[in-house]
Amino acid sequence: MIELRDYQQALIAGIRAQFKGMDRTVLVQLATGGGKTVTSAYMVKTAAARGRRCWWVVHRREIILQASRTFWSMEIPHSLVMGGSISDVDAMVQVGSVQTLARRLGKLPPPDLIIFDECHHMGAAQYQAIFEACPRAQIVGLTATPWRLDGRGLGTWFESMVQGPSVADLMERGALCDYRLYAPSSTDITGVASQGGDFKRDELAKVMDKPSIVGDAVSHYRKLADGKRAIAFAVSIEHSRHIAEQFQAAGIPAAHVDGSMDSGARDAIVADFTTGAIQVLTNADLFGEGFDVPAVEAVILLRPTQSLSLHLQQIGRALRPAAGKPHAIILDHAGNAMRHGLPDDEREWTLEDRPKKKRGAKTEVPVKQCPTCFRVHQPAPQCPGCGHTYAVQSREVEQVDGELEVVDLDAIRARKRHELKSARTLEDLIELGRQRRYKHPVAWAGHIMRQRQEWRARA
């Protein structure tokens, strides 16, 4: 029987408190690998035992099947609602795809509780159809990253948000594993246009789908993650196929998967990856969310993105702990760490819309790469590794040809822990949030204080 961790119990208590406070829709933010499925399954089990009908909704077949295995392991009877599956309309619990459930609205008894997994997709037509068709149901949204690419806040659908521990907290608890991040200078994509809040796929593919890209993926895999099971994220299906071919040509067992493949063939490839028969699994947009294989030891980022959510979701594939896995390896060939920072940076989440950037405005680079020792670290006058002093007038990351170098995590984490522990009062935390340039320092400070109070109460 699966036991809930203390923070998962706190999340459920927080959701129930919001429901009692007359909120009908509650968003739950918990980092990738923190156990959102297990947490929500306990809610479903309790609700179903009280005679309430529950829907657990997600958008990918792989996630549905993983959720189903979790539900059975927790002795939760349920029906699957997805293409190719015969569902039981009378079952108290329905685990299904948003696409199939949207088509079957009116054919299933209305639910009392709906849990939307990966709810940062709210607003898409099929999610919206289910949301609007069930005005009396209590709704819980699950996501690691409550951040839509278009900047629209999830407050349009959710009245309140309950937050779990940060990535750094989960690493200290052992719920997530540590990592080693290697990154080259950002790939030159200055000529790639944006569309819908991210880089245009066709233009980006032309830049990234080349053997001459800085930090060749095959050679750096051999150098830094040889023999480890790695997922590579590509720009397009064609790009993904080319990556797999390059690994195969080098004698490394690799395979490409995409959503158009026969489900049986795709499942067989994933099974071979799980056992280690395949070492590198390449994809485009298939495993960025919900792919739960703790044995994933590395991720290879070959798709530059402006989406913080996508970046963190992809990195999160490797952060789940597993036996014999001392740390995850992140090979960032896309320069995404330079755009979005480190995986365990403190981040503030809000239900509000994000302020729109002015055209031409530059986003401050959240980390730097030292041109002397090649360490990557947060912006600072000096490199914490070798003491190199940066020129004041330069705010650009120096380019380094062909070498991935490890991020100096110890200095960054030590400084952040010291800052957080030194901020003892709410006012101290608010000031720290302002110093870190958080958009909502008051809300972030309040969240940290509530966490501290909960931990003290349990001590």
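The values are calculated or read from the model by the stated rules, or taken from the named source; none is laboratory data. Just so it is clear, the model here is predicted, and its values are computed rather than measured. Cβ sites come from the backbone with ideal geometry, for glycine too, and all protein chains shown count toward neighbours.
Summary table below
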{"item": "Residues of the stretch 314-328 satisfying the condition of being in contact with a helix residue (DSSP H, G or I) (Cβ under 9 Å, 6 or more places away or on another chain) and either in a loop (DSSP other than H, G, I, E, B) or surrounded by fewer than 24 Cβ atoms within 10 Å (Cβ to Cβ) (or both)", "result": "Leu319"}
{"item": "Lone unmet requirement of (1) under 13 Å from Ile115 (Cβ atoms); (2) crowded, with 19+ Cβ neighbours inside 10 Å; (3) of a type in the set (D, E, K, R) for Arg60", "result": "(1)"}
{"item": "Helices (runs of 4 or more DSSP H) wholly inside the stretch 159-235 that include at least 3 residues being among the small types (Gly, Ala, Ser) and either modelled with pLDDT of 90 or more or assigned by TED's automatic domain parsing to the domain that holds Pro304 (or both)", "result": "217-225"}
{"item": "Close pairs from the stretch 292-311: first in contact (Cβ under 8 Å) with a residue 24 or more places away in the chain, partner assigned to a helix (DSSP H, G or I) and of a type in the set (Asp, Glu), Cβ under 9 Å, at least 6 apart", "result": "Asp292/Glu62"}
{"item": "Count of the stretch 273-289 residues which are surrounded by 15 or more Cβ atoms within 10 Å (Cβ to Cβ) and not in a loop (DSSP other than H, G, I, E, B)", "result": "6"}
{"item": "Set Val93, Val81, Val89: member being surrounded by fewer than 16 Cβ atoms within 10 Å (Cβ to Cβ) and in contact with a Lys or Arg (Cβ under 9 Å, 6 or more places away or on another chain)", "result": "Val89"}
{"item": "Looking only at the stretch 15-26, and only at residues there that are out of contact with any helix residue (DSSP H, G or I) (no Cβ under 6 Å at 6 or more places or on another chain) and buried (at least 19 other Cβ atoms within 10 Å of the Cβ), the one that is farthest from Gly174 (Cα to Cα)", "result": "Thr25"}
{"item": "Residues (out of contact with any Asp or Glu (no Cβ under 9 Å at 6 or more places or on another chain), of a type in the set (D, E, K, R) and either over 26 Å from Thr32 (Cα atoms) or not assigned by TED's automatic domain parsing to the domain that holds Arg303 (or both)) located in the stretch 238-290", "result": "Glu245, Asp262"}
{"item": "Candidate set: the stretch 104-152, residues that are under 24 Å from Arg16 (Cα atoms) and of a type in the set (D, E, K, R); chosen: the one modelled with the lowest pLDDT", "result": "Glu118"}
{"item": "Given (1) at pLDDT 75 or above; (2) surrounded by fewer than 20 Cβ atoms within 10 Å (Cβ to Cβ); (3) on the phi > 0 side of the Ramachandran plot; (4) of a type outside the set (Phe, Trp, Tyr), number of the condition Gly360 does not satisfy", "result": "(1)"}
{"item": "Some residue of the stretch 137-158 being farther than 30 Å from Pro110 by Cβ, outside any loop (DSSP other than H, G, I, E, B) and not basic (Lys, Arg)", "result": "no"}
{"item": "Subset of the stretch 392-442 [over 25 Å from the mean Cα position of the chain (by Cα) and either at pLDDT below 75 or aromatic (Phe, Trp, Tyr) (or both)]", "result": "Val392, Gln393, Ser394, Arg395, Glu396, Val397, Glu398, Gln399, Val400, Asp401, Gly402, Glu403"}
{"item": "Out of Ala217, Ala205, Ala193, sole residue that is under 18 Å from Ala337 (Cβ atoms) and small (Gly, Ala, Ser)", "result": "Ala217"}
{"item": "Residue that is surrounded by the most Cβ atoms within 10 Å (Cβ to Cβ), among those in the stretch 236-265 that are at pLDDT below 90 and in a loop (DSSP other than H, G, I, E, B)", "result": "Asp258"}
{"item": "Boolean, Ala67 is part of a helix (DSSP H, G or I), among the small types (Gly, Ala, Ser) and surrounded by 19 or more Cβ atoms within 10 Å (Cβ to Cβ)", "result": "yes"}
{"item": "Selection status of Asp292, at pLDDT below 90, under 21 Å from Ala193 (Cα atoms) and either buried (at least 21 other Cβ atoms within 10 Å of the Cβ) or within 16 Å of the chain's Cα centre (by Cα) (or both)", "result": "no"}
{"item": "Failed item in (1) part of a helix (DSSP H, G or I); (2) over 22 Å from the mean Cα position of the chain (by Cα), with Ile76 passing the rest", "result": "(1)"}
{"item": "Single residue of the stretch 107-123 satisfying the filter (surrounded by fewer than 17 Cβ atoms within 10 Å (Cβ to Cβ) and touching a residue at least 24 places away in the same chain (Cβ under 8 Å)) that is nearest to the chain's Cα centre (by Cα)", "result": "Gly123"}
